[in-house]
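Asker: Structure provided below as structure tokens; questions to follow.
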């Protein structure tokens, strides 16, 4: 009986370790790029709202630690508004935070990947042998959100700095759809050699 519990505990631990590292990292020159093929945020209640012709805003933040997990080296935040064309059955995405961008005629998987691609970070000056950890937070704004396009308008898009500080300093609201994939520790040297 003890052997069975030991085996079950071991595989649960392995499963949790694999689940915790859903965020994939890739080093491209001075940029750290992110993907999360196991994370699908166009699902559940947000997907229902989209397929009922309601656009849905998703707020994202990437936090990067270097050297240790005591100090966040850098963060990047952005808001994406996703809509669904009922006739074409394709998604459109607008990155409303500066610099603004958009993409059209995508599947749900392509729309999710496009959002994550916009979150790449500059890692100039980070030593190649220093351990890195990354965490991406994704929150779907629920039906009670006050506005899809909040913040201050500039020629490059909408600045949401104050909004993001308030949003990500607290926990997700009860019932709010959210995801938090993580990765690390890994070094830029390992990433450049093709490891995660």
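Every number here is computed from the coordinates shown, using simple stated rules; none is lab data. Everything numeric here is computed off the predicted structure, so don't read it as measured data.
Asker: Given a cut-off of under 8 Å on Cα pairs at least six residues apart, what relative contact order in percent is computed for the stretch 19-109?
Answerer: This gives 18 percent for the stretch 19-109.
Asker: I would also like to ask the following. Counting pairs of alpha carbon atoms under 8 Å apart in space and at least six apart in sequence, what relative contact order in percent does the stretch 60-145 give?
Answerer: This gives 34 percent for the stretch 60-145.
Asker: Under the rule a/c < 1.5 gives rounded, and otherwise a/b versus b/c splits prolate from oblate, where does the stretch 44-125 land using the Cα gyration tensor?
Answerer: prolate
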